[in-house]
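K.L.:
Sharing a structure here in structure tokens format.
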């Protein structure tokens, strides 16, 4: 369970602070909710039912600077894993984004950044689905890493991309 003022990552929605934990009546049923305020877009508020395993599974504590650096270091030392089959790769992208697994996002980003470099050298481009994944994963990770590293999102994304490959 999370507490008021905890800073969390809410799936692909981004970094939020728990503003309150309160009873709300949505659709005729009163339930307890985490009231989350998005840190980078404070006009966005999310209500996450405390008793919903599916919804709460999307919440995790924002990583620390040390954890962010360790994650990058771990992926940097791994060999890239490229999935040649387009359909399998797209399915993997969906699974990774849905799970908000930062380690898997970083792994896939590394493989795509290296593949993009190789294609560019041959005058080619990534598939649009690959670019879309890079964009989505980059947005999610850059928001969390910006908070962890005490910088802005564009600087965090640059940090991620430079340190992965």
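The values are calculated or read from the model by the stated rules, or taken from the named source; none is laboratory data. All of these numbers come straight from a predicted model, not from anything done at the bench. Here the Cβ positions follow ideal geometry from the backbone for every residue, glycine too, while neighbour counts run over all protein chains shown.
K.L.:
Does residue 106 satisfy the condition of being crowded, with 16+ Cβ neighbours inside 10 Å and either without any contact (Cβ under 8 Å) to a residue 40 or more places away in the chain or under 19 Å from residue 130 (Cβ atoms) (or both)?
P.N.:
For residue 106, the condition - crowded, with 16+ Cβ neighbours inside 10 Å and either without any contact (Cβ under 8 Å) to a residue 40 or more places away in the chain or under 19 Å from residue 130 (Cβ atoms) (or both) - is met.
K.L.:
Being over 18 Å from residue 39 (Cβ atoms), surrounded by 13 or more Cβ atoms within 10 Å (Cβ to Cβ) and not assigned by TED's automatic domain parsing to the domain that holds residue 39 is the requirement here; does residue 146 meet it?
P.N.:
When the stated conditions are applied, residue 146 does not pass them.
K.L.:
For the range 40-61, enumerate the residues that are at pLDDT below 95, outside any strand (DSSP E or B) and under 15 Å from residue 8 (Cα atoms).
P.N.:
40, 41, 42, 55, 56, 57, 58
K.L.:
When residue 96 is evaluated against the numbered criteria (1) touching a helix residue (DSSP H, G or I) at 6+ places or on another chain (Cβ under 8 Å); (2) at pLDDT 95 or above, which criterion, by number, is the only one it fails?
P.N.:
Unmet condition: (2).
K.L.:
Answer yes if at least one residue in the range 100-108 is outside the structural domain of residue 55 (by TED's automatic domain parsing) and more than 20 Å from residue 15 (Cα to Cα), and no otherwise.
P.N.:
So far as the range 100-108 goes, yes, one or more of its residues are outside the structural domain of residue 55 (by TED's automatic domain parsing) and more than 20 Å from residue 15 (Cα to Cα).
K.L.:
OK, next. Just to check your reading of the model, which residue among 81, 116 is in contact (Cβ under 8 Å) with a residue 12 or more places away in the chain, in the same structural domain as residue 157 (by TED's automatic domain parsing) and surrounded by 12 or more Cβ atoms within 10 Å (Cβ to Cβ)?
P.N.:
None of the other options fit; the residue is 116.
K.L.:
So which residues in the range 10-34 are under 20 Å from the mean Cα position of the chain (by Cα) and assigned to a strand (DSSP E or B)?
P.N.:
10, 14, 15, 16, 17, 18, 34, listed by residue number.
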